[in-house]
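Okay, structure first, notes after.
A short reminder: the numbers here are calculations on the coordinates, not readings from a lab. All values reported here derive from a predicted model rather than from experimental measurement. Heads up, the Cβs are rebuilt from the backbone with ideal geometry, glycines too, and the neighbour counts pull from every protein chain shown.
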Amino acid sequence: MWPQKLSIRPKRLLRLQWLRRGRFVQTHIRDSLSVHTANVNIAEPYQFIPPRKGTFVSSCLKPFLPWYMCKSWGIVDHEIRGSEKLSTSLAAGHGVVLAPNHVRECDAITVGFLAIKCRCYLNIMASWHVFKGSWFQSFMIRQVGAFSVHREGIDKTSLNTAIEILTGAKRPLVLFPEGYCAFHNDILNPLQEGISLIVQRAARKREESGGQVVVHPVAIKYQYTGSTEETLGLMLAGLEQRLGLNLQSQHSLLDRARRIGAELLSLREVEYFGKAQSGALFERQERLIEHLLQPIEAQWDRPGEGCNVYERVKALRTVLLRKLVDENPEAETKKQCWRQLSDCMFALRLKSFPADYLKESPCVERLLETVERFENDIDNNIPTRPYRVVIEVGDALPVSPKRDRKGLGIMQKIEVSLNEMLNRLATECNQPLPKQDCDAGSVAVESPEPIRPSAGISA
């Protein structure tokens, strides 16, 4: 996606030194604690937060949802598709699971538009860390029916609560099958198996009373509604300025994004390896991920062979947070654990940059997602931009009380349904970039030579 060979002029040394030694070192802690709320590391004993059963406050808040989503997240318009499918399942008295893709941190509240359309209330299983943000965020998420789950351990209370909600069949239960926020809209992260455990146990209980549990995959698609060239041009110019690069307005938007991405990656490589690396971009990305995770796995005896990055990070977070909370280690060990937690989450963010995401489909939405994440690495104060969201409800997938060993399991069915809807929405909603902004001939994507920061930037 990004180029290999860049030069750094002497006049930019001071700015880049400041970036590397100050902002980039601090991003580890900052990103963990404020940028990605779902990825916050909280070193305190877990306490289950139950769902609120009342509806009065939720009813009062419903009229303000469009205003709140517009002001806080830039959602200026929304469209609901397939709501009649959910209404039919509710009318039939089924225990209902809504399984949306996880694109942005606001997804749990975005699903509220669907609840308003179907005139129902929701329960949402959310990471405990979400409740540890601002008091207003914690208040809002509880009012929409959220309850906590401890991702780093076996949370029997949360699992039993979810099963009881499905058994009672009074409210749909929202479960995000990806587990972590993907930060990209058109493809799925690997789905976690936790949902299958919940729905099958609930299905067995429902069978005893003659009821049924169904899963509705829900596709969430965000579409940018602002001025494409103006917005992306300003975003890229701002990033180029922060990185000390010359303004590249003569190049295509894709070329400029590649150049910025390569610069950011090279700075990270200097931080972790002592120098920038050579090779294709995503080879370097994978190399950095292994450099981050393997030493931690070796130290804590958590072999990651055969597991994806999401599973590896979850296992490491479990052992590190347990060490911090249960053992109250010495100051030096505590500092090391926090640093390792931060490195784990950085590895997860690196993995969430899909290979060829821009190359296979160069469109406004994908480029904007990528550039916004570049902004997150540099600056936490990102302006709100206008988006339209489409929420599409998929067909009901009945959950068998028994494990289906011959056909597709429930997780595979959810994945197939979500991919079909997301592909269709991408074809419909993604805005192609102007041809002049798609051409990437001005910057080489690969080079046998490594990126070499100036000698003034020390490791």
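Structure above, values below:
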item: Spin-label pair GLU305/GLU420, simplified geometry with 7 Å Cα→Cβ offset, distance in nm; result: 3.9
item: Per-residue ³J(HN,Hα) for segment 337-351, Karplus 6.51 cos²θ - 1.76 cosθ + 1.60, θ = phi - 60°, Hz, x for Gly and Pro; result: 4, 5, 4, 5, 4, 5, 5, 4, 5, 5, 4, 5, 5, 4, 5
item: Ordering of 274-281, 385-392 by packing [mean C-beta count within 10 Å, highest first]; result: 385-392, 274-281
item: Cα-centre dipole for segment 105-231 with unit charges at Cβ (Lys and Arg positive, Asp and Glu negative), debye to 20; result: 700
item: Inter-centroid distance (Cα atoms) of segment 354-384 relative to segment 76-106, Å; result: 27
item: Radius 15 Å from Cβ of GLU332, net charge of other residues (Lys, Arg +1; Asp, Glu -1); result: +2
item: Cross-link pairs LYS156/LYS314; LYS62/LYS413; LYS71/LYS359; LYS275/LYS323; LYS71/LYS221; LYS156/LYS205 - those with Cα-Cα distance over 21 Å; result: LYS62/LYS413; LYS71/LYS359; LYS275/LYS323
item: DSSP-loop GluC sites (Glu not before Pro) across segment 129-212, with at most 16 other Cβ within 10 angstrom; result: GLU193
item: Modelled FRET efficiency - R0 56 Å, LYS170 with ASN246, Cβ distances, 0.05 increments; result: 0.40
item: FRET efficiency, 1/(1 + (r/R0)^6) with R0 60 Å, evaluated for ALA91 and LYS334 via beta carbons; result: 0.65
item: Ranked list, fewest to most other Cβ atoms within 10 Å of each Cβ, for TRP67, TRP73; result: TRP67, TRP73
item: Loop-located GluC sites (Glu not before Pro) in segment 266-357, at most 15 other Cβ atoms within 10 Å (DSSP); result: GLU305, GLU327, GLU330
item: Phi to ³J(HN,Hα) by Karplus 6.51 cos²θ - 1.76 cosθ + 1.60 over segment 268-280, Hz, x for Gly, Pro; result: 5, 5, 4, 5, 9, 9, x, 7, 5, 9, 10, x, 5
item: Whole-angstrom Cα spans of segment 270-426 along principal axes, big to small; result: 53, 44, 33
item: Residues with amide H under 5 Å from that of ILE124, placed H, sequence gap 5 or more; result: ALA146, PHE147, VAL174
item: Inter-centroid distance (Cα atoms) of segment 149-182 relative to segment 266-285, Å; result: 39
item: Members of LYS132/LYS351; LYS117/LYS402; LYS53/LYS132 lying beyond 31 Å, as alpha-carbon distances in this model show; result: LYS117/LYS402
item: Förster radius 41 Å - calculated FRET efficiency between LEU234 and LYS156, Cβ distance, rounded to 0.05; result: 0.25
item: Sorted peptide list for 136-146, 165-175, 238-248, criterion being average Cβ within 10 angstrom, highest first; result: 165-175, 136-146, 238-248
item: Cut-off 12 Å (backbone N to label point 7 Å along Cα→Cβ of THR384), residues of segment 98-113; result: none
